[in-house]
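Asks: Encoded as structure tokens, here's the structure I'll be asking about.
Derivation of every value follows stated rules applied to the coordinates shown; laboratory data play no part. Given the structure is predicted, the values throughout are model-derived calculations rather than measurements. All Cβ positions, even for glycine, are placed from backbone atoms using ideal geometry, and neighbour counts span all protein chains on display.
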């Protein structure tokens, strides 16, 4: 049986197919060339910033400080202050200029603490106006025995020199700390001040000594309220009795008087009982008092049916 021969496309159709294939090759080649050019352009202009790549970092002026203060029981170190038109990682602050503060916050207390950046930080301008933060990068919770780093940005209308600015720590109802953004700032006015007393007392059959008194603006995770301060009185106790002495909680029998005001401790580390033969048993009692008083009266009050009198002493505050 004879086979039917396979016919080939007309020569005109073959030419058209060849031309189409050639044009496709050219188009694909052009597309590849455009992609390569795009990659080259992106890599060459990306450092210039948006819209080609990541935002470019503006020129930065830096003041290295390492200034430390104690706020609410935390050691807050202002490592440096920076001034720039913007910071590439801050997409929140919209201003002509930005001041950036690098902080290191250390919690050496026995309890965790919170550092509420937006509530307790302000930037003070030369004319006294204050500016609140617009951008924060850092943790609010500061665990025990932990040091954390953070960044806080403030907006500025004009490029004020850093040395003319203050960083203010403290909420409006607290004692506030003004930290100059200049090297070698003197912050001694905010430091705790201790005075040795070494005043002996007889109370509840025990030999007491008022060892020292310290005035400070913060305690544990608290900052003193406006116009107030904390007074920490350190005491030593000897028990020469032949039995355990149990005066009870210091919250109940120790008080402090100034003028007509009588206040009780907000915290104490004195034990409830003192073992027989114990010597040099140390403890503290802490009170909250106004900053403008210079003398207090410390009283260990007589207890009903104890048979022991009160013990009273005047203390000059540092």
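Asks: Between residue 188 and residue 157, what length comes free when the chain is fully extended (0.36 nm per residue of separation minus the Cα-Cα distance, one decimal in nm)?
Replies: 8.0 nm
Asks: Related question: Extending each Cα 7 Å along its Cβ direction at residue 58 and residue 306, get the distance between those two points in nm, one decimal.
Replies: That separation, rounded to one decimal, is 6.6 nm.
Asks: Here is a further query. Give me the extension gain from residue 227 to residue 297: residue separation times 0.36 nm, minus the current Cα-Cα distance, reported in nm with one decimal.
Replies: Contour length minus the Cα-Cα distance gives 23.2 nm.
Asks: Ok, one more. Treating only the Cα positions of the range 181-318 as identical point scatterers, give the base-10 log of I(q)/I(0) from the Debye formula at each q in 0.20, 0.21, 0.22 Å⁻¹.
Replies: With one equal scatterer per Cα and no solvent, log10 I(q)/I(0) is -1.21, -1.31, -1.41.
Asks: Calculate the length of the line joining the C-alpha centroid of the range 201-227 to that of the range 135-174, in whole Å.
Replies: The distance from the Cα centre of the range 201-227 to that of the range 135-174 comes to 31 Å.
Asks: Where in the range 259-273 does the label zone of residue 244 land, with the point 7 angstrom along Cα→C-beta and an amide N cut-off under 20 Å?
Replies: In the range 259-273, the label zone of residue 244 (backbone N under 20 Å from the point 7 Å along Cα→Cβ) covers 269-273.
Asks: Same structure again: At 1.567 mPa s and 4 °C, plugging the Kirkwood radius over alpha-carbon pairs of the range 61-189 into Stokes-Einstein gives what diffusion coefficient in µm²/s?
Replies: 87
Asks: Related question: Can you give the FRET efficiency to the nearest 0.05 for residue 195 and residue 91, using r as the Cβ-Cβ distance and R₀ = 35 Å?
Replies: The value I calculate is 0.10.
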